[in-house]
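The values are calculated or read from the model by the stated rules, or taken from the named source; none is laboratory data. Since the structure is predicted, the reported quantities are computational estimates derived from the model, not experimental observations. All Cβ positions, even for glycine, are placed from backbone atoms using ideal geometry, and neighbour counts span all protein chains on display.
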Amino acid sequence: MTDNHKRIPRVELPADARLDTLAVREGLPATQWGENSEALFLTSSFVHPDAATAAARFANEEEAFVYTRFTNPTTMMMERRLAALEGTEACIATSSGMSAILLLVMGLLKAGDHVVCSRSVFGSTIKLLAGEFAKFGVETSFVSQTDVGEWQRALKPNTKLLFAETPSNPLTEVCDIAALADIAHGAGALLAVDNCFCSPALQQPVKLGADLIIHSGTKYLDGQGRVVAGALCATEALIETKFVPVMRSAGMSLSPFNAWVVLKGLETLGVRMQAQSARTLEVARWLEQHPAVERVYYPGLASHPQHELAMRQQNGSGGAVVSFITRGEQQGGPELARQNAFHVIDQTRICSITSNLGDTKTTVTHPSSTSHGRLTEEQRRAAGITQGMIRVAVGLEDVQDLKADLARGLDTLAA
Ligand SMILES: *Cc1c(COP(=O)(O)O)cnc(C)c1O
């Protein structure tokens, strides 16, 4: 970019503005009308004052809005805001979390390249890497979420990308972002982290050395379960040279309406994550002492195997997802364990029975028969996901009501 390259103006904020301030204020300056709440620009294209300006804009000599497949003011506000929260220079919004990963791989890799990825990442991520991208000659090795040595040993001369997601779903296993960043950089590769479960309000992977951040905006960024959205955050150089060209040609663009919903959702991200995590810790502690519960998985509990790492990495918070195993498997085997888990889920009256998460509405799900239902029983056992397991993504309802909702089924199992 030349020095006389004209840029879209920025909001004037103090250089040391903190996360909650950026979440409310970062974006674009208001229009000539001085609106206080961000405008929703539902327009597919933008008009140029004259042919010469249009030419300059198409030649990228002047940064301007041209066509919503690649730029839109509402979408840009969301991108700038999320980049500010993640502490990256830039961000590119995508139509879903999965299309952010699609953009990541299309922009960064070519046939013959190799990826190292945790075995515990989101199921569709595994399918995209191991299935779709294998067809195009990108090979992926899947390794342990928690054993750093396995990542190191999986490296090859053609390894270009390490991909991690932490904490994992539904076991909440935590991987060491700083250690993985060192391994990636030692091998001349980049580290991408799917930061969906913590969001930048709790965890900023770039501060720990990660190069690329993936988001499903569908979860905590929207925060109220309204839209499907995604984003990829990185340096301006990577976004401009690797990802904008792919977005322009491939068009996995986020709708401005959905960008606006996420933009406004980000304003409450900090308070939501704090409040939902605090409720989750209370639910997790209560579950841990319940006689019908065999084991609780939550990084905020001292009993969690990576508790200390999680507290360091996640700003002292466990996040808002807790999983637990109902008693029954040892006495009655998987069939009884499944019956017991279904009983607890079916006795709830407040929780929504759905696999989604990141909503103000608490959701409850049985991973073995839903998100992980396509695995064989053996694969599930190897992954530690048993028939008695229930996952709760805690929302903003009163925590006493949530405990009572889960107690309804659990108390009858304990009796
Ligand atoms: C939901 C989710 C995704 C996919 O996001 P979509 O917006 O549904 O495409 C990716 N990673 C994680 C960790 C998720 O939970």
Problem - Any hit, the range 92-106, residues being at pLDDT below 95 and part of a loop (DSSP other than H, G, I, E, B) - result: no
Handout entry: Condition broken by V47, with the remaining ones in (1) modelled with pLDDT of 95 or more; (2) buried (at least 17 other Cβ atoms within 10 Å of the Cβ) satisfied
Key = (2)
Problem - Hits in the range 361-373 - residues which are over 19 Å from G409 (Cβ atoms) and either assigned to a helix (DSSP H, G or I) or touching a residue at least 40 places away in the same chain (Cβ under 8 Å) (or both) - result: S371, H372
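Residues checked against (1) out of contact with any strand residue (DSSP E or B) (no Cβ under 9 Å at 6 or more places or on another chain); (2) of a type in the set (S, T, Y); (3) under 22 Å from R349 (Cα atoms):
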site: P367; (1), (2), (3): no, no, yes
site: E377; (1), (2), (3): yes, no, no
site: R381; (1), (2), (3): yes, no, no
site: V399; (1), (2), (3): yes, no, yes
Problem - Hits in the range 74-101 (condition: more than 16 Å from the ligand (Cβ to nearest atom) and in contact with an Asp or Glu (Cβ under 9 Å, 6 or more places away or on another chain)) - result: T74, M77, R80, R81, A83, A84, L85, T88, E89, A90
Fill in the blank from the handout: Pairs returned, first residue in the range 84-98 that is over 16 Å from T68 (Cα atoms), second residue that is away from the ligand (no atom under 15 Å from the Cβ) and of a type in the set (S, T, Y), beta-carbon separation under 8 angstrom, 6 or more apart or interchain, are T88/T235; E89/T235; A90/T235
Exercise for the section: Among the residues of the range 209-243, count how many are over 17 Å from the mean Cα position of the chain (by Cα) and buried (at least 18 other Cβ atoms within 10 Å of the Cβ). Expected result: 4
Problem - Hey, A130 assigned to a helix (DSSP H, G or I) and closer than 28 Å to G188 by Cβ or not - result: yes
Exercise for the section: Would you please name the residue that is surrounded by the most Cβ atoms within 10 Å (Cβ to Cβ), looking only at residues in the range 374-399 that are in a helix (DSSP H, G or I) and not β-branched (V, I, T)? Expected result: R380
Practice task
State all residues of the range 102-132 that are within 10 Å of the ligand (Cβ to nearest atom) and free of Cβ contacts under 8 Å to residues at least 60 places away in the same chain; if no residue qualifies, say none.
Solution key: S124, L128
Exercise for the section: Hey, could you check the range 64-91 for residues that are polar (S, T, N, Q) and assigned to a loop (DSSP other than H, G, I, E, B) and say which is nearest to C233 (Cα to Cα)? Expected result: T88
Exercise for the section: Output the residues belonging to the range 308-324 that are out of contact with any Phe, Trp or Tyr (no Cβ under 8 Å at 6 or more places or on another chain) and either without any contact (Cβ under 8 Å) to a residue 40 or more places away in the chain or part of a strand (DSSP E or B) (or both). Expected result: E308, M311, R312, G316
Exercise for the section: With the condition kept exactly as written, say whether any residue in the range 253-267 is of a type in the set (G, A, S) and in contact with a Leu (Cβ under 7 Å, 6 or more places away or on another chain). Expected result: yes
Handout entry: Enumeration of residues in the range 279-307 that are over 19 Å from V344 (Cβ atoms) and either free of Cβ contacts under 8 Å to residues at least 12 places away in the same chain or not assigned by TED's automatic domain parsing to the domain that holds I345 (or both)
Key = A302, H307
Fill in the blank from the handout: Exception for G27 within (1) surrounded by fewer than 11 Cβ atoms within 10 Å (Cβ to Cβ); (2) not in a helix (DSSP H, G or I) falls at (1)
